[in-house]
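First the structure, in the form of structure tokens, and then the observations on it.
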Amino acid sequence: MKKPDIKANIWKINVLQGLRWFLLIMPIIVLFYQENGLSMRDIMGRCCLSIRP
């Protein structure tokens, strides 16, 4: 059985860190947009459009 290469796990760690950051900042962004008059539907549409490449 082959040991997993450490380099193969670096991108996985970066993805997990990005998701943790997103979960931290997303509630703040939602509150900001709601305070400025956007509905939850508008906010989710804006977030989904910004994620697409």
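Bear in mind that the values in this text are calculations on the coordinates, not laboratory data. Just so it is clear, the model here is predicted, and its values are computed rather than measured. Methodologically, a virtual Cβ is constructed for each residue, glycine included, from the backbone with ideal geometry; neighbour enumeration extends over all protein chains shown.
Quick one: net charge around Pro27, please, counting Lys, Arg +1 and Asp, Glu -1 for every other residue with C-beta under 14 Å from its C-beta. Charge balance near Pro27 sits at 0. Given their separation in residues at 0.36 nm each and the Cα-Cα distance between them, Met26 and Ile6 gain 4.2 nm when the chain is fully extended.
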